[in-house]
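First comes the structure, then the notes that go with it.
The values are calculated or read from the model by the stated rules, or taken from the named source; none is laboratory data. Please read these numbers as outputs of a predicted model, since none were measured by experiment. With ideal geometry, Cβ positions are generated from the backbone for all residues, glycine too; neighbour counts draw on all protein chains shown. Only protein heavy atoms, including side chains, enter the accessible area calculation; ligands, DNA and RNA are left aside. Shrake-Rupley method; radii C 1.70, N 1.55, O 1.52, S 1.80 Å.
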Amino acid sequence: MASGSLVGRLGSGVLVDRVPARTCLAVVPLATAVSIATSTVWSNSVTVAAAALWGMGLTYGMNAVAISVIVSRTVGSSLFSEAYSWVFTAWGAGGVIAPWLAGRLFDLTGGYRAALVVASASAVAASFAALALPSDAHAVKGD
């Protein structure tokens, strides 16, 4: 996952200079959903699991860059710190809530399949939410 995240962060930096960050934020969660779904369907394959984890790391790294860029382009540098602090707080809250929810689903179902389905569906929902973001021009007026 770590090498995927590294590649995702470096590659996404180049990508968001060529493709709108909003587009990246719409496409990347779909790739995450595919990685999760793939690991769910072929759960007995170590090779598939390793590839899916690398893909999840890749998309995690890409999100880290794309989110920062779109926040900056949407609110400008004067409001970036305040706006990004809210984004990062929400990200952290998800990091606390998601494992707890996955554990509850495991306790209820006896396996991880339900948690993976919820994670995949959440990634698809994130993709649709990204489409509702304003177009990310390369600069905000007044910056």
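Quick notes
- Test: residue in region 61-79 that is of a type in the set (D, E, K, R) and at pLDDT 90 or above: no
- Restricting attention to region 14-24 and to residues that are out of contact with any Cys (no Cβ under 9 Å at 6 or more places or on another chain) and open to solvent by less than 30 Å² (accessible area, probe 1.4 Å), the residue that is modelled with the lowest pLDDT turns out to be 21.
- Restricting region 94-130 to residues that are at pLDDT 95 or above and among the charged types (D, E, K, R), the residue that is nearest to the chain's Cα centre (by Cα): 104
- Comparison of 84, 60 shows that the only residue that is part of a helix (DSSP H, G or I) and either of a type in the set (Asp, Glu) or without any contact (Cβ under 8 Å) to a residue 24 or more places away in the chain (or both) is 84.
- Of all residues in region 32-62, those satisfying the criterion of being closer than 17 Å to residue 7 by Cβ, among the small types (Gly, Ala, Ser) and open to solvent by less than 40 Å² (accessible area, probe 1.4 Å) are 35, 52, 55, 57, 61.
- Picking from residues in region 1-27 that are in a helix (DSSP H, G or I) and touching a residue at least 60 places away in the same chain (Cβ under 8 Å), the one that is nearest to residue 54 (Cα to Cα) is 27.
- Any hit, region 25-46, residues being over 21 Å from residue 119 (Cβ atoms) and either modelled with pLDDT of 90 or more or of a type in the set (A, V, I, L, M, F, W, C) (or both): no
- When region 90-137 is filtered for residues that are among the hydroxyl-bearing types (Ser, Thr, Tyr) and either within 19 Å of residue 26 (Cα to Cα) or in a loop (DSSP other than H, G, I, E, B) (or both), the ones remaining, listed by number, are 112, 120, 122, 127, 135.
- Single residue of region 69-92 satisfying the filter (within 14 Å of the chain's Cα centre (by Cα) and open to solvent by less than 60 Å² (accessible area, probe 1.4 Å)) that is nearest to residue 14 (Cα to Cα): 69
- Of all the listed residues (96, 65), the sole one being of a type in the set (Val, Ile, Thr) and open to solvent by less than 50 Å² (accessible area, probe 1.4 Å) is 65.
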